[in-house]
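For reference, the structure is listed below as structure tokens.
The values are calculated or read from the model by the stated rules, or taken from the named source; none is laboratory data. Fair warning: this is a prediction, and the values are worked out from it, not measured in the lab. Every residue, glycine among them, receives a Cβ derived from its backbone with ideal geometry; neighbour counts consider all protein chains shown.
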Amino acid sequence: MSDDSQKRTGKRLLRTFLLLLSSLLIVTAAASVVNVMYMQASPISAEAAKVQFVTAADSTAAGAQIGTNGTYVLLNSMGGWPNATRTYQAAVGIQNLDTAARTIELKFDQAGDWSGNTANIDSITVIVRDTAGGTQQGTTINVGTAGSSTGAISIPASTTWVVEWDIKWKAGALSTNTVSVKLTLIVTGE
Amino acid sequence: MRIKYSSALSASILNVILLFSLSVSVYGSTYNTYYGQASPIRAETPKVILQQGTTGTSTIYTNNTSAKVAVNATLWLDGWGYRKSHVIHNATGAGTNYQIRVVVHYGAGTDGGEHVYLNGKCRSDFGDIRFTDDGVTLLDYWMEEKVDSNYAVFWVEVADDLSMVNATIYIYYGNTSATYPYLSTERAHGDATFLFFDDFSVDLSRWSREKTSGIYPAIETSGIMRAGGGSTASPYGHTSLGSSPTFNNFLNGAIEFRWRETTNALAEIAYRGNYSANTGYKGRYDARTGTEQCFMKPPYSGWSGFGPSVTRFGDGTEVWHRGTITVSGSSMEIFKDGVSKATTTDTTYTSAGEIALQNHYGSWSDYDWVAVRKFVSPEPAHGSWGSEESGQTFDYVLKVANQASDNWNIRLKAYNQTNIGRLFNCTIFFHNGGGVSRQISIYNGAYEQQFGNWCNLNGLSTVYIAMTVSATTNGTSLVYAYLEVHVPGTSTYNLMIITFEIL
């Protein structure tokens, strides 16, 4: 290699280095330029629920405890005799307090939403009706089947529907057997 | 490589779009989520249980909350409300298809012998009377006479062999829409019931006019055959109407008939007759006064009397009477209105032959009808009558026992069934000693009532489930029902499955 060749190579390296350095400076300068915008949610109010759980004809028998504001219900006294079907035609009500219809959906969401001696359950079904023993709204919920739901159903304004529970233990169920079930009520809209 | 790269890229892009879309659909709307929790849901010890009954075959399943009951249905004549059983005692040589007489009374009375009383539950014209052997198979019968709302006389052909064992038949009644005759004509009933029959409602085609006098023998008016042309002067106008064209095998049996005769008439019934050979016998109902031997042979010409000499028992007043002549081997007996007038024996003519209806001397003898039936001596005797039935009632097939102090309301509700079309009457009811509540009712193959009224099942009490079942055919029927155990004052209840099997 001649001296000229060595000089050209050195220049190229230098130019390349300078180019890289310039790029780094540009990138660094661009990242540090920011615009700040603000989103403000205020006030976020605690509203009265437009759709609420309410007691119904069989709430006492079912041991219904309605949570504050009607957005939660615990049914702690339901049961059934083995190989017989226990029906609570109106274990709890769902009331639309709004002046407009509301779309609701009651569902057994996922497998983990029930527990206990589920192997001794023959069937638990939940049905929403307009009145106790009345017209069914939506489809039947099969407890234990993930995603089983009423589907989206529109509850008219100022209307109360009832939730029917049908519980059948298998013939071999023991009197010590229990299960727990969680259902989700989705109310669309504010 | 380029193609694969492009596909992977496209798939990734699609996935991103899909995820974005789902995110929008799920999270793009405003919604609120509440929770309802049922905890614990308990398997409780049953407070109301099912227990075995006293009849039928019941299977109680685990925990006594469901059961199956099997009962045998009574075979029942479709459409009829009531029946009574009747035993006919066997008699040597009676065989099958023996005709017996039954007198049915419209009103109340004590059943016995050939008499049965239907307590006003049959039609006043007796049109709904039917006879069966196994409960549903109709027996042939013919109504001899009736007085509406009073009584009717029937001849019933018992199909069973009475030679060795007794037979049980049933008389059915209580069907307002049933009529008699249910065959084409009353004559058809007579034809079906007897060995030979004619009520002279059509013509004389079943007969041969063997000896005539003028136009006689002839059908005088519809339903009456007149053996006329008689004269008290020689040659006396003897006529003979023989059955040989259609019935020529009378050897042993009974000839039943209804006749009337005018002054000095000689109504005569020939049997084992052979006109051309001038053989056989006859019995005479002589309207004249005095005594005579009322059995004669041969019947067509040149006869002479035999047997005991008795007071003549004909009646020249033209009043209808019932006559019967029985023949068994060499023994013969003659009756007027059910009263024996003479008996005798003879062995001259032992071959089968015709019967013939005759008259001479007096102007005429009329015959309303004539029937030939089986006869053995002694005849099959009437036995006991059963009490009135409206289906088979079981004491109870299941018990519903309340094991707790809680009060319940209970009822039965049919929710499914198979082959109930054969059920004439299936009634399932509660009783508790203090009352009866019909819960499920099937009548003439269809539900009359699928669920009953609520009944109290008080604390620690028991209610009994009973059944009345009858069927028109053999088979198996199933009725699936819920026993609904309801918590009073709520809409909470328990459903216990009971299957009723009717065989």
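Of all residues in the stretch A:65-82, which are under 24 Å from the mean Cα position of the chain (by Cα) and either more than 8 Å from every other protein chain (Cβ to nearest Cβ) or outside any strand (DSSP E or B) (or both)?
A:Gln65, A:Ile66, A:Gly67, A:Thr68, A:Asn69, A:Gly70, A:Thr71, A:Asn76, A:Met78
Which one of A:Asn120, A:Asn96 is of a type in the set (S, T, N, Q) and within 12 Å of chain B (Cβ to nearest Cβ)?
A:Asn120
What number of residues within the stretch B:91-138 satisfy the criterion of being within 16 Å of the chain's Cα centre (by Cα) and under 17 Å from B:Asn175 (Cα atoms)?
Here the count works out to 17.
Residue check: is A:Gly151 more than 13 Å from chain B (Cβ to nearest Cβ) and in contact (Cβ under 8 Å) with a residue 40 or more places away in the chain?
Values: more than 13 Å from chain B (Cβ to nearest Cβ): yes; in contact (Cβ under 8 Å) with a residue 40 or more places away in the chain: yes.
Here the answer is yes, as A:Gly151 does meet what is asked.
So that you can scan it fast, the table gives a plain yes or no per residue for (1) closer than 18 Å to B:Ala188 by Cβ; (2) part of a loop (DSSP other than H, G, I, E, B); (3) without any contact (Cβ under 8 Å) to a residue 60 or more places away in the chain:
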position: B:Asn119; (1), (2), (3): no, yes, no
position: B:Cys122; (1), (2), (3): no, yes, yes
position: B:Val136; (1), (2), (3): no, yes, no
position: B:Trp142; (1), (2), (3): yes, no, no
position: B:Ser149; (1), (2), (3): no, yes, yes
position: B:Trp155; (1), (2), (3): yes, no, no
position: B:Asp160; (1), (2), (3): no, yes, no
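Pairs only if they're at least six apart or on different chains, beta carbon under 7 angstrom, first in the stretch B:242-255 and free of Cβ contacts under 8 Å to residues at least 60 places away in the same chain, second assigned to a loop (DSSP other than H, G, I, E, B); list them, first residue then second.
Filtered contacts from the stretch B:242-255: B:Pro245/B:Arg206; B:Pro245/B:Trp207; B:Thr246/B:Arg206.
Given the conditions (1) of a type in the set (A, V, I, L, M, F, W, C); (2) touching a Ser or Thr at 6+ places or on another chain (Cβ under 8 Å); (3) crowded, with 18+ Cβ neighbours inside 10 Å; (4) within 12 Å of another protein chain (Cβ to nearest Cβ), which single one is not true for A:Leu183?
With (1) of a type in the set (A, V, I, L, M, F, W, C); (2) touching a Ser or Thr at 6+ places or on another chain (Cβ under 8 Å); (3) crowded, with 18+ Cβ neighbours inside 10 Å; (4) within 12 Å of another protein chain (Cβ to nearest Cβ) applied to A:Leu183, the lone miss is (2).
Can you name every residue in the stretch B:475-491 that is closer than 20 Å to B:Asn64 by Cβ and either assigned to a loop (DSSP other than H, G, I, E, B) or hydroxyl-bearing (Ser, Thr, Tyr) (or both)?
B:Tyr480, B:Tyr482, B:Val487, listed by residue number.
Look at the stretch B:222-249 and say how many of its residues are surrounded by fewer than 24 Cβ atoms within 10 Å (Cβ to Cβ) and under 23 Å from B:Ser351 (Cα atoms).
6
Is it true that some residue in the stretch A:127-141 is under 24 Å from the mean Cα position of the chain (by Cα) and facing chain B (nearest Cβ under 8 Å)?
No.
Give, as residue ranges, the strands (runs of 3 or more DSSP E) completely inside the stretch B:27-113 that count at least 2 residues that are within 30 Å of B:Ile428 (Cβ to Cβ). Explain how you work it out, then say what you get.
Details: elements: B:31-43, B:48-52, B:57-60, B:67-71, B:82-88, B:98-105.
Because the criterion is at least 2 residues that are within 30 Å of B:Ile428 (Cβ to Cβ), the strands (runs of 3 or more DSSP E) in the stretch B:27-113 that meet it are B:48-52, B:57-60, B:67-71, B:82-88.
From (1) at pLDDT 95 or above; (2) crowded, with 21+ Cβ neighbours inside 10 Å; (3) not acidic (Asp, Glu), pick out the condition that doesn't hold for B:Ala466.
(1)
Considering the stretch A:149-172 alone, what residues qualify as being touching a Pro at 6+ places or on another chain (Cβ under 6 Å) and at pLDDT below 95? Show your work before the answer.
First, the residues of the stretch A:149-172 that are touching a Pro at 6+ places or on another chain (Cβ under 6 Å): A:169, A:171.
Listed by number, the list holds a single entry, A:Ala171.
Tell me, please, whether a residue that is of a type in the set (A, V, I, L, M), buried (at least 22 other Cβ atoms within 10 Å of the Cβ), away from chain A (no Cβ under 14 Å) and under 30 Å from A:Lys170 (Cα atoms) can be found in the stretch B:50-69.
Within the stretch B:50-69, one or more residues are of a type in the set (A, V, I, L, M), buried (at least 22 other Cβ atoms within 10 Å of the Cβ), away from chain A (no Cβ under 14 Å) and under 30 Å from A:Lys170 (Cα atoms).
Could you count how many residues in the stretch B:164-218 are part of a loop (DSSP other than H, G, I, E, B) and of a type outside the set (D, E, K, R)?
Residues meeting the conditions: 27.
Return a yes/no flag: does the stretch B:160-167 have any residue that is under 26 Å from B:Leu423 (Cβ atoms), surrounded by 15 or more Cβ atoms within 10 Å (Cβ to Cβ), assigned by TED's automatic domain parsing to the domain that holds B:Trp385 and not charged (D, E, K, R).
Checked against the condition, which is being under 26 Å from B:Leu423 (Cβ atoms), surrounded by 15 or more Cβ atoms within 10 Å (Cβ to Cβ), assigned by TED's automatic domain parsing to the domain that holds B:Trp385 and not charged (D, E, K, R), the stretch B:160-167 yields no hits at all.
Mind listing just one residue for me: the one in the stretch A:1-56 that is small (Gly, Ala, Ser), out of contact with any Leu (no Cβ under 8 Å at 6 or more places or on another chain) and in a loop (DSSP other than H, G, I, E, B) and, of those, modelled with the lowest pLDDT? Steps first, answer last, please.
First pass over the stretch A:1-56, keeping only residues small (Gly, Ala, Ser): A:2, A:5, A:10, A:22-23, A:29-32, A:41-42, A:45-46, A:48-49, A:56.
This time we only want the ones that are out of contact with any Leu (no Cβ under 8 Å at 6 or more places or on another chain), so: A:2, A:5, A:10, A:22-23, A:29-32, A:41-42, A:45-46, A:56.
Narrowing further to those that are in a loop (DSSP other than H, G, I, E, B): A:2, A:32, A:41-42, A:45-46, A:56.
Details: A:Ser2: 52, A:Ser32: 70, A:Ala41: 91, A:Ser42: 89, A:Ser45: 88, A:Ala46: 88, A:Ala56: 97.
Among those that are small (Gly, Ala, Ser), out of contact with any Leu (no Cβ under 8 Å at 6 or more places or on another chain) and in a loop (DSSP other than H, G, I, E, B), it is A:Ser2.
Being among the small types (Gly, Ala, Ser), assigned to a loop (DSSP other than H, G, I, E, B) and closer than 30 Å to B:Ala67 by Cα is true for just one of B:Ser377, B:Ser405, B:Ser363. Which residue is that?
Exactly one of B:Ser377, B:Ser405, B:Ser363 is among the small types (Gly, Ala, Ser), assigned to a loop (DSSP other than H, G, I, E, B) and closer than 30 Å to B:Ala67 by Cα, namely B:Ser405.
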